[in-house]
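Asks: Structure in structure tokens, see below.
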Amino acid sequence: MSTAILRLKDAKIYQKDHLVLSKVNFELQSGDFIYLIGKTGSGKSSLLKTLYGDLLLQEGIGEVVGYDLNSLKEKDIPFLRRGIGVVFQDFQLLSDRSVKDNLLFVLKATGWTDKVKVDARISEVLEQVSMQHKDYKMPHELSGGEQQRIAIARALLNEPDLIIADEPTGNLDPETSREIMQVLKGIQQKGKAIFMATHDYSIINDFPSQMIRCTEGTVIPVDRLTV
């Protein structure tokens, strides 16, 4: 039986005092893959930031990985983010340290102390994204696709129930984008929920799944693509 990982009901998304989206209603269950589409400036980024606690949910109901977004306190945000893996368009790897040390930084910051368990977890996530032989490399020594694989591995470290991917193929060529999508679909098949913002309609055609669109100040489900 599927479990609701993310739920918004009659939510209003604000950027400071500016109302960006209203009447936002949708759910993700464990194992769901939902695309978030919409034009630049339509509210996609504000919606994603609300889900991982960067913006407060001021009105409506919002639940993400067991946290109530309405009553979220500052001290709760790190714990919320441990239940969510976020993958960004620009990778956001630390340029001054190796792949392994990028992952080690996250584990230490989230309370991991046992060196054996830390090393084992880093090996596990690198293997999941087929990067187990690149742990000594520096980010600048990796291709864009390899850097995004490391970013996905980083998002998986704390075994989140939800992966939020914000234009994860936006800086990649078509062939590499397909490889990254295959990685994400593999993660979905293991029961993780994935919510992915994208402008890349060729990706959606090649890897079809549920879609919702930010348009005219709200979010609506869509059955087929219209540019």
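What follows draws every value from the coordinates through simple rules; no lab data is involved. Keep in mind it's a predicted model, so treat the numbers as computed, not measured. Note that we place each Cβ from the backbone using ideal geometry, even for glycine, and neighbour counts take in every protein chain shown.
Asks: Name the residues whose placed amide hydrogens come within less than 5 Å of the amide hydrogen of Gln89, ignoring near sequence neighbours (fewer than 5 apart) on the same chain.
Replies: Asp166
Asks: How large is ³J(HN,Hα) for each residue in region 24-31, as worked out from phi by the Karplus curve 6.51 cos²θ - 1.76 cosθ + 1.60 (θ = phi - 60°), to whole Hz, x for Gly and Pro?
Replies: 8, 9, 6, 9, 10, 9, 4, x
Asks: What is the spin-label model distance, in nm, from Glu27 to Arg224 if the labels are put 7 Å beyond Cα along the C-beta direction?
Replies: Reported label-point gap for Glu27 and Arg224 is 2.8 nm.
Asks: Next question. Give me the three principal axis extents of region 102-227 from the C-alpha atoms, as integers in angstrom, largest value leading.
Replies: Each principal axis gives a Cα extent; for region 102-227 these are 50, 28, 25 Å.
Asks: Moving on. Using Cα pairs under 8 angstrom and six or more residues apart, how large is the relative contact order of the chain, in percent? Let's see the in-between values first.
Replies: Working: 412 pairs, mean separation 65.3, N = 227.
Here the relative contact order equals 29 percent.
Asks: Something else now. Please report Asp200, Asp76 as a ranked list, fewest other C-beta atoms within 10 angstrom at the top and most at the bottom. Let's see the in-between values first.
Replies: Working: Asp200 19, Asp76 14.
Least to most surrounded, the residues fall as Asp76, Asp200.
Asks: Ordered by residue, what ³J(HN,Hα) values in Hz, to whole numbers, does region 196-211 give under the Karplus form 6.51 cos²θ - 1.76 cosθ + 1.60, where θ = phi - 60° and Gly and Pro are x?
Replies: Computed from phi, the couplings for region 196-211 are 10, 7, 8, 9, 8, 5, 5, 5, 5, 5, 7, 10, x, 6, 4, 9 Hz.
Asks: How many percent of DSSP beta bridges within region 117-227 run antiparallel, rounded to 5? Can you show the working numbers first?
Replies: On the way: 5 of 10 bridges.
Rounded to the nearest five, the antiparallel share is 50 percent.
Asks: Please sort 6-12, 43-49 by packing, taking for each peptide the average over its residues of neighbouring beta carbons within 10 angstrom, highest first.
Replies: Details: 6-12: 18.4, 43-49: 21.3.
Top of the packing list down: 43-49, 6-12.
Asks: Placing unit charges on C-beta atoms (Lys and Arg positive, Asp and Glu negative, everything else neutral), compute the dipole magnitude of the chain about its Cα centre in debye, rounded to 20. Mind dumping the intermediate values first?
Replies: Working: 28 positive and 31 negative charges, 64 e Å.
That gives the chain a dipole magnitude of about 300 debye.
Asks: Right, another one. Based on the Cα coordinates of the chain, what is the per residue volume of their convex hull in Å³? Before the final figure, lay out the partial values.
Replies: Details: hull volume 29.3 nm³, N = 227.
Dividing the Cα hull volume of the chain by its residue count gives 129 Å³.
Asks: Of Gly62, Gln89, Val116, which is farthest towards the positive pole of region 30-123's charge dipole, taken about the Cα centre with +1 and -1 on the beta-carbons of Lys, Arg and Asp, Glu respectively?
Replies: Val116
Asks: One-quarter of the Cα convex hull surface for region 1-67, in nm²? Mind dumping the intermediate values first?
Replies: On the way: hull surface 18.4 nm².
Hull-based average projected area comes out at 4.6 nm².
Asks: On to the next question. Cα-based Rg (one decimal) and Dmax (whole number) for region 64-161, in Å?
Replies: My reading of the Cα-based Rg and Dmax gives 14.0, 43 Å.
Asks: Work out the count of Lys pairs in region 18-101 where the Cα-Cα distance is under 25 Å, with the pair 8 or more places apart or on different chains. Intermediate values should be presented prior to the final figure.
Replies: Working: Lys23/Lys39; Lys23/Lys44; Lys23/Lys49; Lys23/Lys73; Lys39/Lys49; Lys44/Lys73; Lys49/Lys73; Lys49/Lys75.
Total qualifying Lys-Lys pairs in region 18-101 comes to 8.
Asks: A further question on this structure: Using a Förster distance of 41 Å, how high is the FRET efficiency between Gln132 and Ser71, based on the Cβ-Cβ distance and rounded to 0.05? Don't skip to the end; give the middle numbers.
Replies: On the way: r = 41 Å, r/R0 = 1.00.
E(calc), rounded to 0.05, equals 0.50.
Asks: Also, quick follow-up: What's the exposure ranking of Tyr201, Tyr52, going from fewest to most Cβ atoms within 10 Å? Walk me through the numbers on the way to the answer.
Replies: Numbers: Tyr201 13, Tyr52 20.
The fewest-first ordering by Cβ neighbours comes to Tyr201, Tyr52.
Asks: For the chain, what is the calculated [θ] at 222 nm in deg cm²/dmol (nearest 500), taking -39500 (n - 2.57) for each run of four or more DSSP H residues and dividing by its residue count?
Replies: On the way: 7 runs with 74 residues, N = 227.
About -9500 deg cm²/dmol.
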